[in-house]
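Following: one structure in structure tokens, then a few remarks.
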Amino acid sequence: MSHVANKDLSATAQAVNTFTNPADVQDFNQYPDARGHFGVHGGRFVSETLMAALEELEALYTKVKADPAFWEEYHNDLVNYVGRPTPLYHAKRLSDEIGGAQIYFKREDLNHTGAHKVNNTIGQALLAKMCGKKTYHR
């Protein structure tokens with residue numbers, strides 16, 4: 001009996017460890033699929049107690065992602081809070097040194113908070129605002 005169980009586990013492990021080779025993918029626009037998976041990878045690995053909140057968030061995002069007013073406010077916040085668009089810096093000496101290619105740096109370090117992560121934070125804050133979520137104060 002244990003030999004059969006081990007054989008089943010081995011087949012399951014083999015299936016779980018397979019993945020789509022990116023070289024074999026013809027169209028990356030097919031991902032993620034309707035369940036949020038990238039081939040055999042993806043999905044939601046969260047506590048059941050969080051599922052209602054995630055489903056609420058998914059429904060809200062599905063609604064607002066096509067709403068021009070949402071994107072207008074998002075882009076307005078990126079300009080007026082984050083400091084977008086960030087400038088491109090021509091690295092002339094580096095370009096001259098390597099001889100040929102012109103090298104430019106996108107100056108994400110000039111964003112308020114010093115990184116690109118604020119883009120996600122702005123979107124999350126707007127979604128929370130749109131669904132009436134309040135901050136927690138002690």
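Structural remarks
- Residue check for Gly100: at pLDDT below 90 and over 30 Å from Gln30 (Cβ atoms): yes
- Neighbours by Cβ (under 7 Å, 6+ apart or cross-chain): first from the stretch 37-50, under 25 Å from Val25 (Cα atoms); second open to solvent by 100 Å² or more (accessible area, probe 1.4 Å) and outside any strand (DSSP E or B): Gly39/Phe19; Val40/Phe19; His41/Phe19; Gly43/Arg35
- Test: residue in the stretch 76-92 that is outside any helix (DSSP H, G or I) and in contact with an Asp or Glu (Cβ under 7 Å, 6 or more places away or on another chain): yes
- Selection within the stretch 30-47 - over 22 Å from Gln124 (Cβ atoms) and either open to solvent by less than 100 Å² (accessible area, probe 1.4 Å) or part of a helix (DSSP H, G or I) (or both): Gln30, Tyr31, Asp33, His37, Gly39, Val40, His41
- Scan of the stretch 101-138 for residues that are open to solvent by less than 60 Å² (accessible area, probe 1.4 Å), outside any helix (DSSP H, G or I) and either touching a residue at least 40 places away in the same chain (Cβ under 8 Å) or closer than 19 Å to Arg84 by Cβ (or both), ordered by number: Asn111, Gly114, Ala115, Cys131
The values are calculated or read from the model by the stated rules, or taken from the named source; none is laboratory data. Predicted model only: the values in this text are computed from it and were never measured. Cβ sites come from the backbone with ideal geometry, for glycine too, and all protein chains shown count toward neighbours. Ligands, DNA and RNA are excluded from the accessible area calculation, which covers all protein heavy atoms including side chains. Shrake-Rupley method; radii C 1.70, N 1.55, O 1.52, S 1.80 Å.
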